Amino acid sequence: MGDIWTLCNVVRETAYAVHGYLRYGFPEKVYENALANRLRKQHMQVAQQHPIAVYDEDGTPIGEYFADLVVSGVLIVELKAAHALTSEHEAQLLGYLRATRLEHGMLLNFGARKFQIRKFVYTSAGVKQQVVEFP
């Protein structure tokens, strides 16, 4: 796939289509499977429940998280089926970005009437966020 912004747009549009079809009310795993399925149909590389190792400052492994989706090896997609996104959801995604040293992440919420997307870019200079809500 071309640049990261094109990739993000494809994920955004596909996720919105999933929300339009399923609406809200299903468990998170249903949305994860639907989004992964539709992205794979578009010939995208999608890893589900991708393990992310976390290390202490001295390099000692101290734990492991599992990202919902990693798309094309460069974009972490964290899905929620909550009434609203919270700062804890954002912190979770930012932790994944720090642990993997990937710059780009998307937080998608399928659990609200309005589909919610938050896009993050995590760099050494700081975090940039873009919030998008659909009717």
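Taking each residue of the range 80-101 that is in contact (Cβ under 8 Å) with a residue 40 or more places away in the chain and looking for partners that are part of a helix (DSSP H, G or I) and surrounded by 16 or more Cβ atoms within 10 Å (Cβ to Cβ) with beta-carbon atoms closer than 8 Å, six or more apart or interchain, yields Lys80/Glu28; Lys80/His89; Ala81/Glu28; Ala81/Tyr31.
To keep it simple, each residue is scored yes or no on (1) within 18 Å of Leu7 (Cα to Cα); (2) exposed (fewer than 11 other Cβ atoms within 10 Å of the Cβ); (3) in contact with a Leu (Cβ under 6 Å, 6 or more places away or on another chain).
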{"site": "Leu39", "(1), (2), (3)": "yes, no, no"}
{"site": "Val46", "(1), (2), (3)": "yes, no, yes"}
{"site": "His50", "(1), (2), (3)": "no, no, no"}
{"site": "Asp56", "(1), (2), (3)": "no, yes, no"}
{"site": "Leu79", "(1), (2), (3)": "yes, no, yes"}
{"site": "Gly105", "(1), (2), (3)": "yes, no, yes"}
{"site": "Gln116", "(1), (2), (3)": "yes, no, yes"}
{"site": "Val121", "(1), (2), (3)": "yes, no, no"}
{"site": "Ser124", "(1), (2), (3)": "no, yes, no"}
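Scanning the range 56-79 for residues that are touching a residue at least 40 places away in the same chain (Cβ under 8 Å) and more than 17 Å from Ala15 (Cα to Cα) returns a single hit, Val74. If you go through the range 104-120 and keep only what is more than 12 Å from Ala15 (Cα to Cα) and more than 12 Å from the chain's Cα centre (by Cα), you end up with Gly111, Ala112, Arg113, Lys114. Each residue in the range 19-72 was checked for being small (Gly, Ala, Ser) and in contact with a His (Cβ under 7 Å, 6 or more places away or on another chain), and 1 of them qualify. All conditions in (1) at pLDDT below 95; (2) assigned to a helix (DSSP H, G or I) hold for Gly59, with the sole exception of (2). Residues in the range 16-37 that are loosely packed, with under 12 Cβ neighbours inside 10 Å and either assigned to a loop (DSSP other than H, G, I, E, B) or at pLDDT below 95 (or both): Arg23, Gly25, Pro27.
The values are calculated or read from the model by the stated rules, or taken from the named source; none is laboratory data. The structure displayed is predicted, hence computed values, not measured ones. We place every Cβ from the backbone using ideal geometry, glycine too, and count neighbours over all the protein chains shown.
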